[in-house]
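Here is the structure we will look at, set down as structure tokens.
The values are calculated or read from the model by the stated rules, or taken from the named source; none is laboratory data. Computed from a predicted model, the values in this text were never measured in an experiment. Every residue, glycine among them, receives a Cβ derived from its backbone with ideal geometry; neighbour counts consider all protein chains shown.
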Amino acid sequence: MTASNPPAGIGYSCLPGPRDPARRPAQIATMIVSKLPHVGTTIFTRMSQLAAQTGAINLSQGFPDYDGPEALREAVGRHIASGHNQYAPMTGLPALREQVAAKTGALYGRAVDADSEVTITPGATQAIFCAIQALVRPGDEVIVFDPCYDSYEPSVELAGGRCVHLQLQAPAFTLDWTALERALNARTRLIVLNTPHNPSGSLIGRADLDRLAELIRGRDLYLLSDEVYEHLVFDGLAHASVLSHDELYARAFVVSSFGKTYHVTGWKTGYVVAPPALSAELRKVHQYVSFCGVTPLQYALADFMAEHPEHVSELPAFYQAKRDLFCDLLVDSRFVFTPAAGTYFQLVDYSAIRPDLDDVQMAEWLTREHGVAAIPISVFYQSAPSDLRLVRFCFAKREETLREAARRLCAI
């Protein structure tokens, strides 16, 4: 076979060649049809870039400005030096899966098999993507609740499905059960839950889980429960995990994040707990997306979880102290808010300050004019309410960072 005489069906003539370099960029561009035509740079990247450009305090993107535990960081170096630098098992390091299984049993009363029900992934976002790809087929519908995390819909679209957006009921951001019941039909394949909820900080309770189980009983559909902030629940409340609900767990992927729990978001390490049959389907996708997570990080996490189980139990008080400090500092501001029940995000209403600005404009104004970066809430909606005047601040910051940010915000 030669280029001058290609076999039938191979259109060599449409490919740019070395004789035609000037035409190459234009021809390639015309060949690209985006699979995600409405997706651009995320608001998190844009606001962090703007904060860096302006020197603003970055309370927009959800990451701490402090390091994870010293013992955890030291363990990584120790395992790298020990030669734990090759591929981990596809499902995750056995010692780490065993720690996850032990935690699941201790906190949620769910006895899971570390081999068949726990999968370690390079981040919770990848776990969510793989779960959606494993389940959703062309034409399927996936119910999401706005405001919702921005990775859900692109993952559904890449699987050939369609998101059905239902709005949580403001101001408490609770589930609209009437709307959910109406949305269920034969095409519904998956419902995506998120508790504690990003961006609102609201929680789903045990009564909500019971009501959901009753509503979907007898239907051929599944759940994806995004619980990455599972340990960030305040005021003495308990996290109502799908893992603690027998009927719902039987049809669920439950996703969590070591990055959120151990203050190491840049490690991008998460996990999925799911019944054996669902785990098997998830792993079929996971093995071709990344195959496995970073090996020395998994060793370090397994060691730290075994040696410091108190870390998880201390997290609620650790983050509640940050929430309380930030909210107390904002009491004399013109922002209106109710302290978040969970996560490390705080919503504030700015209607008394600049009602003429939509929330994207407000976030930019705060960053450029007052040196504090926030995230607008409308970006989490398919169709945001026209009167929405909320922005989100991240309080996973050092005390001095929160004090200076609050000083600037109170001066507005």
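If only residues of segment 154-165 that are within 18 Å of the chain's Cα centre (by Cα) and without any contact (Cβ under 8 Å) to a residue 40 or more places away in the chain are counted, the one that is surrounded by the most Cβ atoms within 10 Å (Cβ to Cβ) is V156. When the residues of segment 170-182 are filtered to those that are surrounded by fewer than 13 Cβ atoms within 10 Å (Cβ to Cβ) and free of Cβ contacts under 8 Å to residues at least 24 places away in the same chain, the one that is farthest from R211 (Cα to Cα) is R182.
The combined condition, being over 21 Å from the mean Cα position of the chain (by Cα), touching a residue at least 40 places away in the same chain (Cβ under 8 Å) and over 17 Å from L59 (Cβ atoms), is fulfilled by D332.
Each row is one residue, and each column tells you yes or no for (1) closer than 25 Å to R46 by Cβ; (2) of a type outside the set (D, E); (3) at pLDDT 95 or above.
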residue: D324; (1), (2), (3): no, no, yes
residue: T338; (1), (2), (3): no, yes, yes
residue: V348; (1), (2), (3): yes, yes, yes
residue: P355; (1), (2), (3): yes, yes, yes
residue: D358; (1), (2), (3): yes, no, yes
residue: E369; (1), (2), (3): yes, no, yes
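Just one of the listed residues (N185, N198) is assigned to a loop (DSSP other than H, G, I, E, B), surrounded by fewer than 19 Cβ atoms within 10 Å (Cβ to Cβ), of a type in the set (S, T, N, Q) and not assigned by TED's automatic domain parsing to the domain that holds V348, namely N185.
From the list Y271, Y249, the lone residue that is within 27 Å of A75 (Cβ to Cβ) and touching a residue at least 24 places away in the same chain (Cβ under 8 Å) is Y271.
Taking segment 83-173 and the helices (runs of 4 or more DSSP H) fully enclosed by it, the elements with 1 or more residues that are closer than 16 Å to Y299 by Cα and either touching a helix residue (DSSP H, G or I) at 6+ places or on another chain (Cβ under 9 Å) or not assigned by TED's automatic domain parsing to the domain that holds S244 (or both) are at 94-108.
Is there a residue being among the small types (G, A, S), out of contact with any Gly (no Cβ under 6 Å at 6 or more places or on another chain) and within 26 Å of D349 (Cβ to Cβ) anywhere in segment 160-176? Within segment 160-176 (the criterion being among the small types (G, A, S), out of contact with any Gly (no Cβ under 6 Å at 6 or more places or on another chain) and within 26 Å of D349 (Cβ to Cβ)), the answer is yes, since at least one residue qualifies.
Here the helices (runs of 4 or more DSSP H) wholly within segment 250-335 that include at least 2 residues being small (G, A, S) and surrounded by fewer than 21 Cβ atoms within 10 Å (Cβ to Cβ) are 276-289, 310-330.
Hey, among the residues in segment 374-412 that are assigned to a loop (DSSP other than H, G, I, E, B) and hydroxyl-bearing (S, T, Y), which one's nearest to the chain's Cα centre (by Cα)? Of everything passing the filter in segment 374-412, Y381 is nearest to the chain's Cα centre (by Cα).
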